[in-house]
Structure formats: C-alpha cells, structure tokens
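S.K.: This is the structure I want to talk about, given as structure tokens.
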Amino acid sequence: MKLTLHVWRQKDAQTQGEMVDYTLDSVSEDMSFLEMMDVLNQQIIEAGDEPIAFDHDCREGICGMCSMVINGQPHGPQQGTTTCQLHMRSFKDGDSIYIEPFRAKGFPVVRDLMVDRSAFDRIIQSGGFVSVGTGAAPDGNAIPIRKEEADEAFNAATCIGCGACVASCKNASAMLFVSAKIAQLDRLPQGKVESKERVRSMVVQMDEEGFGNCTNTGACSAECPKGISLENIARMNRLYLQSSVSPT
Amino acid sequence: MAFSGLFLILFLTQHMTINLLSVVDSLRLNIFGAEESNLFNQAAYFMGNNPVVQFALQPVLIAGFMLHMLMAFVLQAKNAAARPDGYQYGNKARAYNWASMNMLITGGVVIGFLGLHFYDFWIPEITAKYVTGKAHIGDSPATEAILADVNRFYPELVHRMKYPWRVAIYCVSFVLLGLHLNHGFQSSFQTTGVSQGKYVAGIKKASIAFAVIVPLMFIVVALVHFFIS
Ligand code: HEM
Ligand code: SF4
Ligand code: FES
C-alpha cells in the first residue's frame with residue numbers, strides 16, 4: 001500500500017522541530033509499524049539524508065522502549081498494543097499518518113521521535129524498590145499470599161514503563177506508571193513495610209520531574225499497552241493520604 | 001479538590017431538599033386546594049435566621065467555593081505547564097467522556113449561574129437583612145413589614161421563576177452542573193482512594209444517578225413554579 005507520512009523532525013533538544021512529509025509506495029500490511037519505519041529510513045538514507053531517530057529494542061512488546069504518537073494516539077490506534085506490535089494492516093492504502101514524539105515537560109525530545117524518559121528511572125530510584133536484602137530465591141510457598149493479591153500485584157507489575165500514559169494524558173500526568181509500581185510492591189508483604197515512605201518519596205520525585213496532576217479522565221489506562229488499571233491510582237492516592245495523616 | 005467538591009455536593013443536596021419543599025407547597029396550594037402551605041417558608045426562614053447557619057455554615061460554604069475554584073485554576077495552570085508543546089495532530093487518546101476533559105468549562109458555567117443566582121436571591125436577602133432593613137416581594141416597594149413576614153420567601157421565589165429567560169438559563173446551567181457532577185462525584189472517590197475493587201462499579205452508578213437526579217430536581221423546581229404556581 002501507499003502511505004503519506006507526516007513525521008516530526010527535530011535535530012536536537014535545543015532546535016525547534018517541524019513536521020516533514022514523506023511518501024512510501026510499497027508498504028506490506030504484514031509489516032510491523034517499526035518495520036515500516038525501517039523501510040522509510042532506508043529510503044531516506046538512499047536519498048542521502050539523515051534517517052529518523054526513534055526508540056526501539058525488543059520489538060516484541062515487553063521492553064517499553066518503542067514510543068511514538070501515531071495519529072494522536074500513543075502506540076497507535078490498536079488498544080493494548082505497543083508500537084512494535086502494531087501492524088500495517090491497521091491502516092489502509094492511501095492513508096495519511098501523523099507520527100510525533102511523546103510530548104510532556106517531563107519527557108524532553110532528544111531527537112526526532114526519541115524522548116528522554118530518564119525521569120521514570122529517577123522516580124524508581126526515589127523509592128520503587130524493596131530496600132532489604134531478600135537473599136537467594138526462597139521457596140515459593142514460604143510466605144503465603146492470597147491468590148487475588150498475587151494476581152493483582154502481577155497485573156500491576158506488567159507495566160513496561162513505556163510512558164504512553166503520560167503521552168496520552170491531557171495533563172501529562174505520570175500517575176498510572178507511578179501507581180502501578182507502588183501498588184505492585186504494596187500488595188506483597190516484602191514491599192508493604194515501606195509503602196508509606198515509598199509513596200511519599202516517589203510522589204515528590206514525580207512532581208519534581210514536571211509531570212501534571214491526575215484529574216481522573218482515564219485516558220492513560222485506555223491507552224496503556226498493558227491495560228494497567230485506574231484502581232492503582234486510587235490505591236496510591238489512599239496510601240498518600242494515609243501517609244500524610246500518619247507518616248509511619 | 002476532592003474534599004471541597006464533596007463538601008459542595010453535600011451543600012447541593014441540602015439546597016435541593018429545601019427547594020423541593022417549595023414544589024410540595026406549590027402542588028398542595030395549586031392542585032390539591034390547600035389553603036396554606038408554608039414548608040418552604042419555614043425552611044427558608046430557618047436557614048436565613050439561624051445564627052449557626054448564617055454565621056458559621058454560610059462563611060464555610062463561601063470559603064469552600066472559593067477554595068474549590070482557586071484549586072481548580074491552580075490545577076489547570078500546573079497541568080497546562082506539564083505539556084508546553086501540544087500534539088500537531090491533536091490528542092486523540094481514548095478518554096472516558098467529554099465531562100472529564102472539560103471540568104473548567106462546566107465549572108465556569110456554574111460560576112456564571114451563581115452570579116445570576118446571587119443577584120436573584122442572595123444579594124437582595126443580605127442587603128434587606130443587614131443593610132436596609134426592608135424587603136420586597138416581586139415588584140412591590142420594599143418595606144420593614146415584608147422583611148418581618150415569615151412567609152415572604154415562597155412568593156418571591158415564584159415571582160422570579162415567572163420569567164422564561166431565567167428558567168431557560170436555570171435549565172441549561174443545571175444540565176452542565178450535571179456533567180460536572182457526573183465526573184466530579186466518581187473522581188472524588190478516586191482521588192481519596194475509595195474507588196477500589198468491589199466499590200468501583202457502585203461508585204460509577206451512584207455518580208450517574210446523583211448527576212442526573214440532583215440537577216433534574218432543581219430543573220423540576222424551576223419548571224413547577226413557571227407552569228403551575
Ligand atoms: C455546586 C458546585 C460544584 C460542585 C458540587 C463541584 C463538585 C466537584 C467535584 C466533586 C469534583 C471532583 C474532585 C476530585 O476528583 O478531586 C470537582 C472537580 C473540579 N471542579 Fe467542581 N464543583 C462545583 C463547582 C465548580 C466551579 C464553580 C468550578 C469553577 C472553576 C469548578 C471547577 C472544577 C475543576 C476544574 C475540577 C477538577 C477537575 C478534575 O479533577 O477532573 N467546580 N468539582
Ligand atoms: S502504565 Fe502502561 S502506559 Fe504507563 S508506563 Fe506502564 S505500561 Fe506504559
Ligand atoms: S520495542 Fe520493546 S516494547 Fe516495543
């Protein structure tokens with residue numbers, strides 16, 4: 001199929017970027033979106049220009065590196081899917097596709113479609129861990145945990161840290177990501193002991209990074225490739241309130 | 001935001017209850033042929049003259065409104081700053097509903113409505129009670145006797161509700177308040193962390209019910225006085 005692509009090109013963080021138009025003539029519907037981008041880059045390189053920089057790594061929906069906002073939706077039109085797992089059969093011959101970087105103060109553009117998501121690393125560093133040594137892998141049944149709790153902890157743990165929640169939120173809020181990490185640890189006995197300190201320091205770091213505040217529109221969860229639930233945000237809010245009332 | 005919003009929700013429920021008394025009065029007087037029915041007058045007199053209501057609850061309510069609005073603007077400003085450069089194509093994320101994306105607009109209409117509402121009832125009432133010492137009903141001249149009349153509230157309400165433009169503004173404003181509440185009600189349970197597990201579905205349903213019933217009741221009050229009283 002033939003596509004018209006409007007892609008955000010930006011030399012570096014300091015330079016003003018703009019949308020640049022490209023046409024691709026022979027896109028197969030079996031290609032993934034990133035393979036289509038590879039073909040486009042090949043065409044650009046052959047024409048003697050700089051290829052488009054974009055993030056990617058595993059290309060199987062588990063690492064969270066791929067990003068891009070495709071026609072106004074992070075990771076494109078298919079729900080529950082990362083850009084690398086999105087296929088060109090989601091588009092039609094003759095379509096015009098707008099491809100932009102994730103946009104948020106907390107995610108400055110590095111170049112073209114690449115943004116700096118190290119704010120997420122700093123949020124994790126501020127408390128998204130268990131600070132005691134847990135030793136070697138213990139017997140799975142040594143600490144009994146209710147099945148429902150284990151399942152919910154696991155669901156929260158499926159967050160791949162891609163940042164689509166921030167990109168989709170009208171307030172560029174990172175609360176779905178942060179709350180998934182907090183809930184994952186809070187649901188398990190090893191993590192629960194430090195929940196209150198954790199929620200305070202992670203929220204402080206989140207605000208320092210310049211992310212907005214949640215107004216519960218639900219866009220994050222609807223756009224999240226892993227379908228992380230809004231209930232995690234409610235849990236984080238509750239923990240935060242509890243820790244403001246009684247800090248320990 | 002959530003606590004001030006929930007506080008305003010309580011106020012709204014109380015206000016609606018008292019207004020509905022005027023509908024009961026109207027139906028008794030106009031449909032069932034009662035000689036007298038002063039439920040609304042009694043409630044309004046109590047609210048207007050009880051020192052706890054006037055000098056404790058009323059200032060708290062005004063402060064609650066101020067706080068809610070102030071936080072709304074601060075929140076809006078902070079959130080706008082979190083995305084300095086918008087999307088060229090526009091943000092097409094799937095979101096729950098229009099109301100959740102436009103709380104400042106629906107809230108703004110509520111403020112506009114409050115302006116009219118204050119002009120209609122609150123300012124005349126406060127001036128009569130604490131400044132001139134004279135009240136009026138409808139187009140009558142203001143006198144001290146009217147101010148002393150414990151049953152002056154109902155006729156004044158009915159008089160105001162006889163103007164079609166005012167009734168129209170009331171109806172539109174309350175529809176928008178309904179949208180504000182539809183998001184705000186459930187949102188405040190999310191913000192306070194109550195929305196968990198088995199409660200989520202119930203809170204959503206209660207939110208819709210509250211956002212439909214309460215504004216609808218206010219509209220019913222306006223329409224009953226317009227058509228029947
Ligand atoms: C009777 C009047 C009002 C009631 C009952 C009410 C109720 C609520 C509630 C319950 C919330 C949710 C709070 C949260 O989840 O944290 C809310 C949020 C909000 N309200 Fe109001 N409100 C009223 C008037 C206003 C007015 C006059 C404004 C004008 C600016 C306003 C602007 C907002 C904004 C911007 C939000 C935050 C949006 C969000 O969190 O999604 N509200 N309101
Ligand atoms: S919550 Fe979802 S959208 Fe946000 S970082 Fe995690 S996986 Fe990505
Ligand atoms: S490249 Fe790893 S999730 Fe898409």
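The values are calculated or read from the model by the stated rules, or taken from the named source; none is laboratory data. Because the structure is predicted, anything quoted here is derived from the model rather than measured. Cβ sites come from the backbone with ideal geometry, for glycine too, and all protein chains shown count toward neighbours.
S.K.: Suppose the filter is closer than 24 Å to A:S221 by Cα and either away from ligand 3 (no atom under 16 Å from the Cβ) or not small (G, A, S) (or both); does A:N41 pass it?
M.R.: no
S.K.: I'm trying to understand the selection: among the residues of the range A:217-247, which are surrounded by fewer than 21 Cβ atoms within 10 Å (Cβ to Cβ), in contact (Cβ under 8 Å) with a residue 60 or more places away in the chain and of a type in the set (S, T, N, Q)?
M.R.: If the condition is that a residue be surrounded by fewer than 21 Cβ atoms within 10 Å (Cβ to Cβ), in contact (Cβ under 8 Å) with a residue 60 or more places away in the chain and of a type in the set (S, T, N, Q), then A:S229 is the only one that fits.
S.K.: Test of understanding: among A:I233, A:I228, which residue is in the same structural domain as A:N141 (by TED's automatic domain parsing), within 16 Å of ligand 3 (Cβ to nearest atom) and modelled with pLDDT of 95 or more?
M.R.: Sole residue among the options that is in the same structural domain as A:N141 (by TED's automatic domain parsing), within 16 Å of ligand 3 (Cβ to nearest atom) and modelled with pLDDT of 95 or more: A:I228.
S.K.: Would a scan of the range A:218-236 turn up a residue that is part of a helix (DSSP H, G or I), out of contact with any helix residue (DSSP H, G or I) (no Cβ under 8 Å at 6 or more places or on another chain) and away from ligand 1 (no atom under 13 Å from the Cβ)?
M.R.: No; the residues of the range A:218-236 include none that is part of a helix (DSSP H, G or I), out of contact with any helix residue (DSSP H, G or I) (no Cβ under 8 Å at 6 or more places or on another chain) and away from ligand 1 (no atom under 13 Å from the Cβ).
S.K.: Tell me yes or no: at least one residue of the range A:87-103 is among the aromatic types (F, W, Y), assigned by TED's automatic domain parsing to the domain that holds A:F33 and within 16 Å of the chain's Cα centre (by Cα).
M.R.: yes
S.K.: I've got another one for you. Please go through the range A:92-125 and pick out each residue that is more than 13 Å from chain B (Cβ to nearest Cβ), under 14 Å from A:M19 (Cα atoms) and part of a loop (DSSP other than H, G, I, E, B).
M.R.: Scanning the range A:92-125 gives a single hit, A:D112.
S.K.: Tell me, yes or no, whether the range A:194-216 has at least one residue that is in contact (Cβ under 8 Å) with a residue 60 or more places away in the chain, more than 14 Å from chain B (Cβ to nearest Cβ), assigned to a loop (DSSP other than H, G, I, E, B) and within 30 Å of A:G140 (Cβ to Cβ).
M.R.: Scanning the range A:194-216, I find at least one residue that is in contact (Cβ under 8 Å) with a residue 60 or more places away in the chain, more than 14 Å from chain B (Cβ to nearest Cβ), assigned to a loop (DSSP other than H, G, I, E, B) and within 30 Å of A:G140 (Cβ to Cβ), so the answer is yes.
S.K.: Moving on to the next point. Is it the case that B:W122 is surrounded by fewer than 14 Cβ atoms within 10 Å (Cβ to Cβ) and within 15 Å of ligand 1 (Cβ to nearest atom)?
M.R.: yes
S.K.: Do any helices (runs of 4 or more DSSP H) lying entirely in the range B:71-189 carry at least 1 residues that are within 13 Å of another protein chain (Cβ to nearest Cβ) and among the β-branched types (V, I, T), and which ones are they?
M.R.: B:103-117
S.K.: Can you tell me which residues in the range A:178-195 are surrounded by fewer than 19 Cβ atoms within 10 Å (Cβ to Cβ) and charged (D, E, K, R)?
M.R.: A:K192, A:E194
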